[in-house]
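Enquirer: Take this structure first; my questions come after.
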Amino acid sequence: DTAVSQTPKYLVTQMGNDKSIKCEQNLGHDTMYWYKQDSKKFLKIMFSYNNKELIINETVPNRFSPKSPDKAHLNLHINSLELGDSAVYFCASSLLRDESTDTQYFGPGTRLTVL
Amino acid sequence: TQLLEQSPQFLSIQEGENLTVYCNSSSVFSSLQWYRQEPGEGPVLLVTVVTGGEVKKLKRLTFQFGDARKDSSLHITAAQTGDTGLYLCAGPYSGAGSYQLTFGKGTKLSVIP
């Protein structure tokens, strides 16, 4: 059973298009996250949701918007895609009971290529 | 600002050799974590170190947390090809009053048969 799943695995699209990436976790976790991993493998937090409330929003363009229909899902919508958006996007989840020992579980990633 | 600096950035060794990778910061962390990421997959947690000076062992992997809780190291004994991957250190960080996990830029390890 997959703990954190993402769809699609690969996404190739043209500049200016709008796209969505879906994420689901079956771990019963309270908090979900979206990360962006660039071509140099640097993993950076974009958003996190706790009980359907946004609790982190890093300096991410407002073309990116997270949507959480319920505690098990956190989808990422991207409007007006740009070349610089090409990256691998990871969804993750955690219980977040203790920040020092919290374990994040990552999905397999979505490789987005903007042409 | 990069809170966690990892070195080396790339490491290529022969199977059977030993290696150490480092994670350093000028900031004190309540804990540090090590994740391994294999190609095409998401990072997977290997260990969390919480106490300054703590040493944890996971089979051939030995993790150490610095006494001042500003640095950590990962030592692999007798590396195997299955150890190949990207090793990421991470620590909890309260930016703008909210918890987040901040990552280093990783060490890409290649173990050659």
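The values are calculated or read from the model by the stated rules, or taken from the named source; none is laboratory data. Bear in mind the structure is a predicted one, so any value in this text is a computation, not a measurement. Virtual Cβ from ideal backbone geometry, glycine too; neighbours counted across all protein chains shown.
Enquirer: Inside segment A:29-57, can you point out the residues that are over 19 Å from residue B:99 (Cβ atoms), without any contact (Cβ under 8 Å) to a residue 60 or more places away in the chain and not charged (D, E, K, R)? Break it down stepwise before answering.
Expert: Applying the first criterion (over 19 Å from residue B:99 (Cβ atoms)) to segment A:29-57 yields A:37-42.
Subset that is without any contact (Cβ under 8 Å) to a residue 60 or more places away in the chain: A:38-42.
Matches in segment A:29-57: A:39, A:42.
Enquirer: Can you find even one residue in segment B:94-105 that is more than 12 Å from every other protein chain (Cβ to nearest Cβ), modelled with pLDDT of 95 or more and surrounded by 12 or more Cβ atoms within 10 Å (Cβ to Cβ)? Talk me through it step by step, then tell me what you get.
Expert: At the first step, the residues of segment B:94-105 found to be more than 12 Å from every other protein chain (Cβ to nearest Cβ) are none.
No, every residue in segment B:94-105 fails to be more than 12 Å from every other protein chain (Cβ to nearest Cβ), modelled with pLDDT of 95 or more and surrounded by 12 or more Cβ atoms within 10 Å (Cβ to Cβ).
Enquirer: Given the structure, is residue A:20 closer than 28 Å to residue B:5 by Cβ, outside any loop (DSSP other than H, G, I, E, B) and in contact (Cβ under 8 Å) with a residue 12 or more places away in the chain? Let's see the steps before the verdict.
Expert: Details: closer than 28 Å to residue B:5 by Cβ: no; outside any loop (DSSP other than H, G, I, E, B): yes; in contact (Cβ under 8 Å) with a residue 12 or more places away in the chain: yes.
Spelling it out, it is not the case that residue A:20 is closer than 28 Å to residue B:5 by Cβ, outside any loop (DSSP other than H, G, I, E, B) and in contact (Cβ under 8 Å) with a residue 12 or more places away in the chain.
Enquirer: Ok, one more. Are any residues in segment B:1-45 free of Cβ contacts under 8 Å to residues at least 40 places away in the same chain and surrounded by fewer than 20 Cβ atoms within 10 Å (Cβ to Cβ), and if so, which ones? It would help to see each step written out before you state the result.
Expert: Here is the first cut: in segment B:1-45, the ones free of Cβ contacts under 8 Å to residues at least 40 places away in the same chain are B:1, B:40-42, B:44-45.
Across segment B:1-45, the qualifying residues are B:1, B:40, B:41, B:44, B:45.
Enquirer: Still on this structure, I have one more. Just one of the numbered conditions (1) surrounded by 12 or more Cβ atoms within 10 Å (Cβ to Cβ); (2) among the aliphatic types (A, V, I, L, M); (3) touching a Gly at 6+ places or on another chain (Cβ under 9 Å) is not true of residue B:76; which one?
Expert: (3)
Enquirer: Let me ask you something else. If I ask for residues that are away from every other protein chain (no Cβ under 12 Å), under 14 Å from residue B:22 (Cα atoms) and part of a loop (DSSP other than H, G, I, E, B), which ones from segment B:33-85 would you list?
Expert: Residues satisfying the conditions are B:66, B:70.
Condition check ((1) surrounded by 13 or more Cβ atoms within 10 Å (Cβ to Cβ); (2) under 14 Å from the mean Cα position of the chain (by Cα)) across all residues:
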site	(1), (2)
A:18	no, no
A:35	yes, yes
A:41	yes, no
A:45	yes, yes
A:48	yes, yes
A:51	no, no
A:65	yes, yes
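Enquirer: Given the criteria aliphatic (A, V, I, L, M) and modelled with pLDDT under 95, does residue B:3 qualify? Spell out how you get there, then give the answer.
Expert: On the way: aliphatic (A, V, I, L, M): yes; modelled with pLDDT under 95: yes.
So residue B:3 fits the description; yes.
Enquirer: If you don't mind, another one. Can we say residue B:90 is buried (at least 20 other Cβ atoms within 10 Å of the Cβ) and over 26 Å from residue A:33 (Cβ atoms)?
Expert: Considered against the rule, which asks whether it is buried (at least 20 other Cβ atoms within 10 Å of the Cβ) and over 26 Å from residue A:33 (Cβ atoms), residue B:90 comes out as no.
Enquirer: Residue under question is residue A:80, and the condition is that it be in a loop (DSSP other than H, G, I, E, B), away from chain B (no Cβ under 14 Å) and touching a residue at least 24 places away in the same chain (Cβ under 8 Å); does it hold? If you could, list the steps in order and put the result at the bottom.
Expert: Values: in a loop (DSSP other than H, G, I, E, B): yes; away from chain B (no Cβ under 14 Å): yes; touching a residue at least 24 places away in the same chain (Cβ under 8 Å): yes.
Against the criterion (in a loop (DSSP other than H, G, I, E, B), away from chain B (no Cβ under 14 Å) and touching a residue at least 24 places away in the same chain (Cβ under 8 Å)), residue A:80 qualifies.
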